[in-house]
């Protein structure tokens, strides 16, 4: 066993691959055949016509020519398809550029529209808050808050001439407005800019609706000052003087929370709401 | 002399008939040509060395062409056709160059 290991390895194992390829670039067979022939005396090689070799060379020529012809023929097709591809690439590139321009334009338009939307939303919020303020002020929205409840009733034994009349209630209401009341209702009839307090016969009508005694006047305002201010105002003072004269039963109370109903909206026949578009334009200008 | 004549005849035949290579064999034609080139240069060198032999030349020519094409075909089937044809071209190219160098030494004694 040891002998086999000690023996030097054969050349075809130790030689590097590239060196071997270079050294054996010519087929070994030529040399071996030549050696075999060299040992035998007769050499008919020179005289023999090398027809077979010539035929192989012919085949080689055909091969080379065919390959060259094929390649040049394909070259035309490849050039053509390449040109087509290049023109297509250019066309697509142009259209991509156009699309990108469109994207930019659309984005700008989007930004402008978003700005407009923001403006419109801000306008709408302003309008809404203004509307609510107006609704509270004018009485078309139910409201709650601290205030004064004043119950006025006819005198217990009075004749028709001593009943509570529209003018009394109007004085009280005027006094309350002057004293700083923010919202007033009589027997759940909310007072608005259009409210009228009128007598029809012995009955009092508020907002054209009959109200019956006892008249409950609720006013929302500063509970700390409302009653005192009411006594200070001309109308308030007059009302209390009259009440004393006629003997009205009056009950005044501060309330932590009063809930006043909204007036039913007036039927508008000539006034029309502005459309949102026109209001938006006005907002932008 | 006869070999050069044969080559001329072959080229003329190819130009005249323009044989169409089947589409399936088309990728293997260039590699077959390179293998044939190797065999031809090997034969030329052997001729100049004075040890040329028809039989060896024919056999090496045919086997070179067939084996080179077969290796590339196998590579194509395995999905490494490009790499294998590169390897074949490298080996054949080295052989061609060293053969041509030997021929040059014979012709120009340099």
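The values are calculated or read from the model by the stated rules, or taken from the named source; none is laboratory data. Computed from a predicted model, the values in this text were never measured in an experiment. Reconstructed Cβ throughout: ideal geometry from the backbone, glycine too, with neighbour counts over all protein chains shown.
Structure values in brief
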read-out	value
Residues located in region B:27-59, provided they are within 7 Å of chain A (Cβ to nearest Cβ), in a helix (DSSP H, G or I) and free of Cβ contacts under 8 Å to residues at least 40 places away in the same chain	B:29, B:30, B:32, B:33, B:36, B:40, B:46, B:54, B:56, B:57, B:58
In region B:1-20, the residues that are exposed (fewer than 15 other Cβ atoms within 10 Å of the Cβ) and in contact with a helix residue (DSSP H, G or I) (Cβ under 9 Å, 6 or more places away or on another chain)	B:2, B:4, B:5, B:8, B:12, B:15, B:17, B:18, B:19, B:20
Residue match in region B:68-84 (condition: closer than 16 Å to residue A:24 by Cβ and free of Cβ contacts under 8 Å to residues at least 12 places away in the same chain)	no
Options A:138, A:144, A:161: the member that is exposed (fewer than 14 other Cβ atoms within 10 Å of the Cβ), in contact (Cβ under 8 Å) with a residue 12 or more places away in the chain and either closer than 30 Å to residue A:240 by Cα or in the same structural domain as residue A:248 (by TED's automatic domain parsing) (or both)	A:144
Residue in region A:151-172 that is within 21 Å of residue A:257 (Cα to Cα) and either part of a loop (DSSP other than H, G, I, E, B) or within 51 Å of the chain's Cα centre (by Cα) (or both) present	no
Subset of region A:46-66 (residues that are at pLDDT below 75 and facing chain B (nearest Cβ under 7 Å))	A:50
Members of region A:254-285 found to be modelled with pLDDT of 75 or more and more than 30 Å from residue A:147 (Cβ to Cβ), listed by number	A:270
